[in-house]
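Chemist: This is the structure I have questions about; it appears just below.
The values are calculated or read from the model by the stated rules, or taken from the named source; none is laboratory data. The model shown is predicted, which means the values in this text are computed figures rather than measured ones. Every residue, glycine among them, receives a Cβ derived from its backbone with ideal geometry; neighbour counts consider all protein chains shown.
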Amino acid sequence: MQPMETINTVNDLRMRVRAWKQAGQRVGVVPTMGALHAGHLSLVRAARAQADRVITTVFVNPMQFDNADDLTTYPRTLEADARLLADAGVDVLYAPTAAQMYPPGFATRITVSGVSEGLCGGARPGHFDGVATVVCKLFMQTLADCAFFGEKDFQQVQVIRRMVADLDLPIEIVTCPTMREPDGLALSSRNRRLDAEQRKAALTLPRTLEDCAREIAAGADVAQTLAQATARLAAAGFDPVDYVELRAEADLQPVGKMAPDTRARLLAAAWLGSVRLIDGVPVPPVG
Ligand code: AMP
């Protein structure tokens, strides 16, 4: 296995990828914002299994942050990330600068309507424009054949799938399951900003979602269950609770009542102090 190479410019990246493509190799990309954890590494593993070459991108994308504090305090651990990625067998770590991604005069935004409205799109205006724009750029820069995303950011995957279909981007999107701590908390780069007390309270998020998903599958009233879930999160110290919603997996439309063939997900986002956590679980099929 060759050692991992770190590349910072699109020209160098293109040169490397051109050589791979000429050799007929399939290229996979795992886009991240760094501060890597086992969730990101599960995407790298999936990419290694399905591609000959793997690029992981680390870029804290200013365009997708609607909150200046969140952008400044977002953890940045590039050296540790590089070690983890090298050990995981990544071929190229692509870490462009903001100036490289958004040079003076940059004026394009990709807006995906429909699936990007409501949920995180409602709570974070402009967020999915930033995501779609940077992901499209990363696809064009890497010219990857396949890209790997986590189910934890369920709406994000839907936005990217819609963009890829609408713009005829020649790339396959692969979704990977959410990796969790042993106690159930979804792994997230933001978890490292939780203090001990918040870390304990954070557990209420996956527990509430799991309990409510089970109750809804057993026939509980959806609106009432969602209201109870919000109240339980608030009682545990989440403030504000941005949303707790039941949405169809296929198109993210709200689900008011489960039918035997409904495939739905319970999705939530809520704040503990200055840390915003999101999570989601599938609702077991009813009937
Ligand atoms: P981020 O660095 O948070 O932008 O995430 C980069 C990618 O890793 C996205 O596709 C996320 O959905 C995915 N990801 C983040 N956390 C997890 C997790 N706990 N399990 C699986 N994938 C994850």
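Chemist: Looking only at segment 199-213, which residues are touching a Gly at 6+ places or on another chain (Cβ under 7 Å) and free of Cβ contacts under 8 Å to residues at least 40 places away in the same chain?
Modeler: If the condition is that a residue be touching a Gly at 6+ places or on another chain (Cβ under 7 Å) and free of Cβ contacts under 8 Å to residues at least 40 places away in the same chain, then LEU203, ARG207 are the ones that fit.
Chemist: On to the next question. Testing MET140 on (1) under 27 Å from THR97 (Cα atoms); (2) more than 15 Å from the ligand (Cβ to nearest atom); (3) in contact (Cβ under 8 Å) with a residue 12 or more places away in the chain, one condition comes back false. Which one is that?
Modeler: So MET140 meets the others, but not (3).
Chemist: Name the pairs whose Cβ atoms lie under 7 Å apart, with the first residue in segment 226-243 and within 16 Å of VAL281 (Cβ to Cβ), the second among the acidic types (Asp, Glu), and 6 or more positions between them or separate chains?
Modeler: Filtered contacts from segment 226-243: LEU226/GLU245.
Chemist: Quick check on ASP91: is it acidic (Asp, Glu), buried (at least 18 other Cβ atoms within 10 Å of the Cβ) and in contact (Cβ under 8 Å) with a residue 24 or more places away in the chain?
Modeler: So ASP91 passes the test.
Chemist: If you take just the helices (runs of 4 or more DSSP H) that sit entirely in segment 1-86, which of them hold at least 1 residues that are more than 10 Å from the ligand (Cβ to nearest atom), closer than 23 Å to ASN191 by Cβ and modelled with pLDDT under 95?
Modeler: The helices (runs of 4 or more DSSP H) meeting that bar are 68-73.
Chemist: While we're on this one: From the list LEU272, LEU266, LEU277, which residue is in contact with an Asp or Glu (Cβ under 9 Å, 6 or more places away or on another chain), aliphatic (A, V, I, L, M) and over 12 Å from ALA217 (Cα atoms)?
Modeler: Only one candidate passes the filter, namely LEU272.
Chemist: Further question on the same structure: So in segment 165-195, with the set limited to residues that are polar (S, T, N, Q) and out of contact with any helix residue (DSSP H, G or I) (no Cβ under 6 Å at 6 or more places or on another chain), which one is farthest from the ligand (Cβ to nearest atom)?
Modeler: ASN191
Chemist: Residue under question is GLY89, and the condition is that it be more than 16 Å from the ligand (Cβ to nearest atom), assigned to a loop (DSSP other than H, G, I, E, B) and closer than 20 Å to ALA147 by Cβ; does it hold?
Modeler: So GLY89 passes the test.
Chemist: Let me ask you something else. Need pairs with beta-carbon distance below 7 Å; first residue farther than 26 Å from ARG76 by Cβ and within segment 16-41, second assigned to a helix (DSSP H, G or I) and near the ligand (Cβ under 7 Å from one of its atoms); sequence gap 6+ or separate chains.
Modeler: none
Chemist: Right, here's the next one. Given the conditions (1) within 17 Å of the chain's Cα centre (by Cα); (2) assigned to a helix (DSSP H, G or I), which single one is not true for ALA99?
Modeler: Failed condition: (1).
Chemist: A further question follows. Could we say that LEU246 is more than 18 Å from GLN156 (Cβ to Cβ) and assigned to a strand (DSSP E or B) here?
Modeler: Yes.
Chemist: Please go through segment 53-91 and pick out each residue that is farther than 20 Å from LEU277 by Cα and touching a Lys or Arg at 6+ places or on another chain (Cβ under 6 Å).
Modeler: VAL54, GLY89, ASP91
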